[in-house]
Structures are given as structure tokens and as C-alpha cells.
Amino acid sequence: MTSRLRSSLLAPVLAVVFAAVLCAIVLILSGANPGEALGAMIGQVGEGQIAVDIVNSTAIYMLAALAAAIGFHMNLLNIGIEGQYRVGALVAAIVGGALVLPPVLHWLVILLVAAAAGAAWATLPAILKVTRGVHEVLSTIMMNAIAFGLAAFLIRRDQFGILVGNNVTTKPIPSSGQVPGIDLGDRGTVFGLVFLSVVAAAVYGVVLNRTRFGFELKASGLSPTAAAAGGVNAKKMIVVSLLVSGAVAGLVGMPEILGRDHAYTLNFASGYGFAGIGIALLGRNHPVGIAFGSLLWAFLEKSKGALDNVGVPKEIATIMQGAIVLSVVVAYEIVKRMELAAEQRRVGQATGTAVEPEAAK
């Protein structure tokens, strides 16, 4: 087994071990039997609509994580996914409810509007980053706050909102704009746009690893100075990556909007953006890793209700999610430092000089 292959396998193995140990400690401290708690959560998957809910949530989490991963490749932390997907969903719902088009065309228009709105919401942070050096974390957090306020304003009844029962929503999207799902009867309905997440992950992987844009994106993230020496415009890559990240973020709410709610409501789901950042870290920005990370995240989120049945607060599942992300980050950092130390020792042996590994320092 080569050292490269050994290193690639060591990191995920360490991550799994760390995550298992940390989660077991959390459960034990809460007074639960780890085996019993995990068994209850797994058993919950076979009940009611939980399995379908996990599939639907996985698709949504994948889109949020892909949006975060695009920024990570440029060493950009797009905290604004939360606001970008909210604005994308709101604008797309307003436009979708105002149009009547042939079914497929109607879907495409709504999706394009959502992506454009998400990208537009990321434009100001991108401009501030390249022109004034404003850190994207600060600007995107501010844009999140503005997004929540804007959504509350636009959904008012004197704007684009209408009263439906006890809830205020945008005008319902006509049937031509509703994406049919896969009806499994009592098990629930799988969103039709689940496949959008699969396509987005495949496109992300191809663009990142098989195109010039992907190469320039990774090169700029690794070393802006070296990339600039090779003819890559680093500022342009910052703007483009943030806009693309915002466009993907704008699609996060579409599976629910087009597959179930058919309107933007006051109780529209929140938290997907921040979850996407954690999942991107969990999946190491790789499309396959993101898919598995999203599935794990959705499983913990949807099956945590079973913890109440064994006397464990369901909030423990949130702690487990954080412990898993922390485990992955720590495991890969350990392996990275081990590889650096080993490389420095090899250099020292080849040159006949004693090199103190930087990792040891």
C-alpha cells in the first residue's frame, strides 16, 4: 500500500473513530445507552414518512453544501447562503405565481429566477470584497439580516402576500409550475427536484475537475499570487465564485417550493444555509462526500424524535452533528500534519541535513 493511499484512507478512518467516540461520550453523559439510542434512531427510519423525509432533506442539504463548497475552494466563507436561498425562494415564488406557462418551461423559468436572485444577493459582498477588502463573512452576515427583513416586508398583505387560512403566503404557483414528485402512498412523496441535487453535484464535480474554470478556481484558492503569475485574475475569480455560490444557494428552497408548498410562507424553513457549511466541511468539498454527509445530516435531523422514546433529549442529535463535523476537521488536520512531517523528514534524509518538521513545531 502506497503512502498516498494509506494517507487517503487514514483520514476518514480516524474521522469515523473520533466521531463514534465523541457521540458515545455525549450519549453516556446524557444518561443514555449509545447502542440503544442508535438502534432507536435507525428503527425510526422505517416508520411513517421518515425515510422519504430523509431523502427529501438530503437533496436540500446537498444544494446548500455545494453552494458552500464552491466558496471554500476559493478560501471564501459564504455565510450568506441562508439569506441567498431565502431571497431566491421568495422571488421565485412571486414570479412563479404571477406566470402561467407550459409545465416544463414554467419550471425552468422559476429555477432560473431563483438562481438569479441568489446570485444577485451575493453580488454586493463580492464587490465589497474585491474593491474594499471587506471580509465576506461580515458582509454576508449583514446580507442575511437584510434578507430576513426584506422577506417579511414583501410577504405583507399590502405587498405580495395573501391570507390563506391563518397563514400569509405569496400567490400560489399554478399547477403548470408545480414539479410532480414520486407518490409512495402512506410513505409520503419524494420531491421531483431531488434529481436536481444529483445533477448539480455531478456538474460541480465535472466543472471542478475537468474544466479550466475549475482549475483556476482551485489554483486561486491555493495561492492567489501563483495563480496571478499564471495569468489568472484573482479578483475576477472571487466575484465569479461568490456569484456561482449564490446562484446554487438560490436553488436550495426550490424542492420544497415547487414540490410541496407551492408558495413562500411565513413559516418557510430556515437553517439550511448554516447546515450546508457544516456538511461541506464534513464532505471535504467533494461531491460524493457531500452526498454522504447530507444523508447523514438528514438522518440525524429526521430520526432524532426517536431519542425521546429512550429518555434522551432529541437536542442531543444536534450535538452529535457538531461532534461529527469536528471529528472530520480534526482527523484531516492530523493526517495533513503527519504527511507534512514525513515529507520534511524525507527531504532531510535526501539532503543529508536534519530538518525539524514544521508540524512538530
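Things worth noting here:
- For the set 239, 347, the ranking by accessible area, highest first and with no ligand, DNA or RNA atoms included, is 347, 239 under a 1.4 Å probe.
- The listed residues 295, 77 rank as 295, 77 when sorted by accessible area, largest first, using a 1.4 Å probe.
- With protein chains left intact and a 1.4 Å probe, residues in the range 65-299 average 45 Å² of accessible area per residue.
- Just the protein heavy atoms count here, and of the accessible area of the chain at 1.4 Å, carbon and sulfur take up 67 percent.
- Computed per residue of the chain from DSSP H runs no shorter than four, each worth -39500 (n - 2.57), the mean residue ellipticity at 222 nm is -23000 deg cm²/dmol.
- Among the trypsin sites (Lys or Arg not before Pro) in the range 108-210, those located in a DSSP loop and surrounded by at most 16 other Cβ atoms within 10 Å of their own Cβ are 156, 157.
- The count of lysine pairs in the chain whose Cα atoms are under 21 Å apart, excluding pairs fewer than 8 places apart on the same chain, comes to 9.
- Values of log10 I(q)/I(0), in the order q = 0.14, 0.18, 0.19, 0.21 Å⁻¹, for the range 1-127 under a Debye, Cα-only, solvent-free model: -0.96, -1.08, -1.11, -1.18
- Between the amide H of residue 164 and those of 169, distances stay under 5 Å, these residues lying 5 or more places away or on another chain, with hydrogens modeled in the peptide plane.
- Highest mobility in the GNM of the chain, judged by mean-square fluctuation with C-alpha springs under 10 Å and restricted to 253, 39, 278, is found for 39.
- Calculated FRET value between residue 49 and residue 309, using beta carbons and R₀ = 22 Å, to 0.05: 0.80
- Accessible-area value, residue 183, 1.4 Å probe, nucleic acids and ligands omitted, Å²: 120 Å²
- Three-way shape label, the range 208-361, alpha-carbon gyration tensor, a/c 1.5: oblate
- Distant-in-sequence amide contacts of residue 189, defined by a placed amide H-H separation under 5 Å and a gap of 5 or more residues or a different chain, comprise 184.
- Additional length obtainable on full extension of the chain from residue 109 to residue 333, 0.36 nm per residue less Cα span: 76.3 nm
- Protection-proxy order for peptides 226-238, 107-119, 304-316, each taking the mean of Cβ atoms within 10 Å per residue, highest first: 107-119, 304-316, 226-238
- Rg/Rg_ref, the range 65-299, where Rg_ref = 2.2 N^0.38 Å and atoms are Cα: 1.03
- Span-rule helices in the chain, defined as complete DSSP H runs reaching 30 Å or more along the axis (Cα) with Kyte mean at least 1.6: 3-29, 50-72
- Listed peptides 136-142, 41-47 appear in the order 136-142, 41-47 once ranked by packing, highest mean of other Cβ atoms within 10 Å at the front.
The values are calculated or read from the model by the stated rules, or taken from the named source; none is laboratory data. Note that the structure is a prediction, hence the values are computed from the model and not measured. All Cβ positions, even for glycine, are placed from backbone atoms using ideal geometry, and neighbour counts span all protein chains on display. Just the protein is used for accessible areas: all its heavy atoms, side chains included, with ligands, DNA and RNA removed. Shrake-Rupley method; radii C 1.70, N 1.55, O 1.52, S 1.80 Å.
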